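Asker: A single structure is presented below for examination.
Computed from the coordinates by the stated procedures, all read-outs in this text should not be read as laboratory data. Everything quoted here is computed from the prediction, not taken from an experiment. So basically every Cβ, Gly included, is an ideal-geometry build from the backbone, and we count neighbours across all protein chains shown.
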Amino acid sequence: MSEVKLAARVEARLDAIVDRVAGAIAAPIAPVPPTIQAEIDALWGERLGALDLPEVREGFLADGELVVLPELIPAAFVERVLAEIDAAEPRRTRIPLVRSAQHVGWRTLQRISPRSTALYRSQVFLDWMTQLVGRPMQAKDPADDHACATYEYTRAGDHMRPHYDTCGCEDGASYTQLLSLHDRSSQRLVVDLHTRGDRPVERRSIQTPPGTLVVFCGSKVLHSVTPLGPGERRVILSMSYASDPTMKPWKRLFENVKDALLYFGPSALVRGIRSRPGA
Ligand SMILES: [Fe+2]
């Protein structure tokens, strides 16, 4: 048997084992009250509909798949989302020189924040993202804690070093949408554009007042967050769609191990290993 065939057989066997173990573990799919979903679909429809999509797309592509939309969502609305999230107990993670922040993952958000859930699940937003990117976008697995999660910077020095996103999807398949919920800080989102092309690299330092939406392809745009100052706070709702969110079970397991160590704690290990398209 050739090495390639052997590797494929081992991978298939590994997938089958992981899938069997995960099969009995149901992902949480918490319902959103229809009135809240309708309210948020209408909000996305109104705010995104007011934009000139071809113009936004032109800028998005010219900047290597990044666009910043200030004042997209009204401050009064993001305050309500933040109030829901503040009821959760975030998990703090710190890796010296790499990142420090606290997080509430998607599995928890679905239980405690119907508005965050509705923002992410909105077909109106998904359709708009599909048009912006130019490829069909899909929501990620309901058990993928990174699908929609908070990044809360609350202690002086909280930061994130420059990185590209690796989510287990193919490069260029996953898109991040950062919605600022709170920003009383000097912290900045810093992006390096065109790092993987022929054009000169361009660095931008982006302030994110509440209601700002930043959309980018995480595997193309190098991004980081500068250290938080004393007495400051900045809260981001990070949402992620992908053109093909399906993940092989062993890859899902690898991502869960990474999430457990870096973000969401041991519970991320044992849930949602089974890959589900869309959802
Ligand atoms: Fe990232």
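Asker: Classify the stretch 101-204 as rounded, prolate or oblate from the Cα gyration tensor: take a ≥ b ≥ c as the square roots of its eigenvalues, call it rounded if a/c is under 1.5, otherwise prolate when a/b beats b/c and oblate if not. Walk me through the numbers before you get to the answer.
Answerer: Values: a/c = 1.82, a/b = 1.09, b/c = 1.68.
Verdict is oblate for the stretch 101-204.
Asker: What list of ³J(HN,Hα) values in whole Hz, one per residue of the stretch 188-195 in order, does the Karplus curve 6.51 cos²θ - 1.76 cosθ + 1.60 (θ = phi - 60°) give from phi, with Gly and Pro shown as x?
Answerer: Karplus values, whole Hz, x for Gly and Pro: 10, 7, 10, 10, 10, 9, 6, 5.
Asker: Treat the count of other C-beta atoms within 10 Å as a stand-in for reagent exposure and order 148, 217 from fewest to most.
Answerer: Values: 148 28, 217 19.
Ordered by Cβ neighbours within 10 Å, fewest first: 217, 148.
Asker: What list of ³J(HN,Hα) values in whole Hz, one per residue of the stretch 175-182 in order, does the Karplus curve 6.51 cos²θ - 1.76 cosθ + 1.60 (θ = phi - 60°) give from phi, with Gly and Pro shown as x?
Answerer: Values, residue by residue: 10, 10, 10, 9, 10, 6, 9, 6 Hz.
Asker: With 10 angstrom as the radius, rank 61, 97 by how many other C-beta atoms surround their C-beta, starting from the fewest.
Answerer: Numbers: 61 14, 97 7.
Listed from fewest to most nearby Cβ atoms, that is 97, 61.
Asker: Non-local amide H neighbours of residue 69 (under 5 Å, H modeled in plane, Pro and chain starts lacking H): which ones?
Answerer: When sequence neighbours closer than 5 places are left aside, the close amide H contacts are 213, 214, 215.
Asker: Can you work out ³J(HN,Hα) from phi for every residue in the stretch 114-121, in order, using Karplus 6.51 cos²θ - 1.76 cosθ + 1.60 and θ = phi - 60°, giving whole Hz and x for Gly and Pro?
Answerer: x, 6, 4, 4, 5, 4, 6, 7
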